[in-house]
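Reading through the structure tokens given below for one structure.
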Amino acid sequence: QVQLAESGGGLVQAGGSLRLSCAASGRTFSYYAMGWFRQAPGKEREFVAAISWSGCTEYYADSVKGRFTISRDNAENPVYLKMKSLKPKDTDVYYCAEKDRDGAVRGGSEYDYWGQGTQVTVSS
């Protein structure tokens, strides 16, 4: 069973930056896509970014395009989400997700494993 663990969340002022990390354990397959999603209490989960195994394909939500960057280090297995120019509306719990085959996608239902989430709070 794959287990994902996010880290790097916290409190930051508007305009600031954070880098989230997602580490995995228990993986038995070789090629997989990764994604980041976010969700506020009482709201639907929202796609943020996704990346293919090779890193050649990246997708971003319009709301974060140009401010967030997804990347991965397949040798060390983490996936990162670098967030800059943060806004109060970026405040959410951020989740990483893994799809046990390649092909970056935006739909959360395509992902097989999810982390527990890390809180990001942006103050105005």
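The values are calculated or read from the model by the stated rules, or taken from the named source; none is laboratory data. The shown structure was predicted, so the numbers you read here are calculated from the model rather than taken from an experiment. Backbone-built Cβ (ideal geometry, glycine too); neighbour counts: all protein chains shown. We work out accessible area using only protein heavy atoms, side chains counted, and drop any ligands, DNA or RNA first. Shrake-Rupley method; radii C 1.70, N 1.55, O 1.52, S 1.80 Å.
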When region 29-80 is examined, which residues are found to be surrounded by 19 or more Cβ atoms within 10 Å (Cβ to Cβ), in contact with a helix residue (DSSP H, G or I) (Cβ under 8 Å, 6 or more places away or on another chain) and assigned to a loop (DSSP other than H, G, I, E, B)?
Val64
Please go through region 99-111 and pick out each residue that is assigned to a loop (DSSP other than H, G, I, E, B) and either of a type in the set (S, T, N, Q) or touching a Lys or Arg at 6+ places or on another chain (Cβ under 6 Å) (or both).
Tyr111
Out of region 81-122, which residues are of a type in the set (D, E, K, R) and open to solvent by less than 50 Å² (accessible area, probe 1.4 Å)?
Asp90, Asp92, Glu98, Lys99
For region 58-88, which residues satisfy the criterion of being among the β-branched types (Val, Ile, Thr) and modelled with pLDDT of 95 or more?
Val64, Thr69, Ile70
Which one of Gly16, Gly35 is more than 20 Å from Asp102 (Cα to Cα) and modelled with pLDDT of 90 or more?
Gly16
When you check Gly26 against the structure, is it surrounded by fewer than 19 Cβ atoms within 10 Å (Cβ to Cβ) and within 15 Å of the chain's Cα centre (by Cα), yes or no?
no
